[in-house]
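To start, the structure itself, in structure tokens.
Any read-out appearing in this document is the output of simple, stated calculations on the displayed coordinates, not a laboratory observation. Everything numeric here is computed off the predicted structure, so don't read it as measured data. Because the Cβ atoms are built from the backbone with ideal geometry, glycine has one as well, and the counts that use them run over all protein chains shown.
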Amino acid sequence: MKIDILSVVPDLLQSPFAHSILKRAKEKGLLEVNVINLRDYTTYARAQVDDYAFGGGAGMVMMIEPLVNAIESLQKVNQYDEIVYLTPDGQRFDQKMANTYSLKNNLLLICGHYKGIDQRFRDHFVTQEISIGDYVLSGGEIAAAVMVDAIGRLIPGVLNDETSALTDSFQDNLLAPPVYTRPEEFRGWKVPEILLSGNHKLIDNWRAEQALKRTQERRPDILDAE
Ligand code: 6GU
């Protein structure tokens, strides 16, 4: 999968994909992430990309021309499956969307700033608008990093048995059960006996019970989600 990210602060996106699972995905050739500086596409003086809102009011709006210059230049060499605008008023991102996106080939993510981007760009170029939750970030970059992380680890071949996504929270509308590692006892706090029993059937049952209990206690809302 190739993901292009269009941003006015490309520096913010230098390290999030350079570690751990996403780093491995890149090394295996399964994921390519390119960060593109929107300012490279403006024709205005001093690399201006935003301007005052028509109608007045506080806050600047990202202008349509640099965005269209950038996208039309990128589209000469890319066939995007989706052109995503990251915005707090978008559709809420969740594990189901991450699964769907993990099967796409070529994505363009557009990070908003200031009061957002000119509505005409949204109307005529954007195919999906996504928010990562009900709070406002100062720009779309960190949201883009969240999306790329959630999607990247689900790309077929990225995770192995050891890191399998099948037991993740949310993957089956359940939170993940508690986990333990060595030592068996620390300050008198013991690991549940059953996990040391070697009986995998019992262990699987215990984990399923714990996942259900945890979900009922913490997130009953996801239990009956489809
Ligand atoms: Cl995608 N962008 C911004 N600026 N804030 C957000 C968001 C996105 N998702 C939640 N808050």
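Table for the structure above
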| quantity | calculated |
| --- | --- |
| Residue of E162, E141, E129 that the Gaussian network model of the chain assigns the largest fluctuation, springs spanning Cα pairs under 10 Å | E162 |
| Normalised contact order of the chain, rounded percent, pairs of Cα under 8 Å and 6 or more residues apart | 21 |
| Separation in nanometres of the label points that stand 7 Å from Cα toward Cβ, at R214 and K96 | 2.2 |
| Within the chain: Cβ-based charge dipole about Cα centre, in debye rounded to nearest 20 (Lys, Arg +1; Asp, Glu -1) | 480 |
| Dimensionless Rg over Rh [the range 167-224; C-alpha; Kirkwood] | 1.03 |
| 222 nm mean residue ellipticity, helices alone, for the chain (DSSP H n ≥ 4; -39,500 (n - 2.57); rounded to 500) | -8500 deg cm²/dmol |
| Distance between modelled label sites at D40 and I194, nm, 7 Å Cα→Cβ extension | 5.5 |
| Measure of compaction for the range 67-157 (Cα Rg per 2.2 N^0.38 Å) | 1.06 |
| Cross-link partners of K213 among lysines (Cα-Cα below 25 Å; sequence separation of 8 or more within a chain) | K96, K190, K201 |
| E185, E65 arranged by Cβ crowding within 10 Å, fewest neighbours leading | E185, E65 |
| Equivalent ellipsoid semi-axes - Cα gyration tensor, the chain, angstrom | 41, 19, 16 |
| Top positive-direction residue, dipole computed over the chain with Cβ charges, set Q14, H113, N34 | Q14 |
| Trypsin sites (Lys or Arg not before Pro), loop per DSSP, at most 10 other Cβ atoms within 10 Å - longest free stretch of the chain | 77-186 |
| Pairwise label distance in nanometres, N173 with D204, each label 7 Å out on the Cα-Cβ vector | 2.1 |
| Size of charge dipole - the range 167-224 - debye, nearest 20, with Cβ of Lys, Arg +1 and Asp, Glu -1, no other charges | 220 |
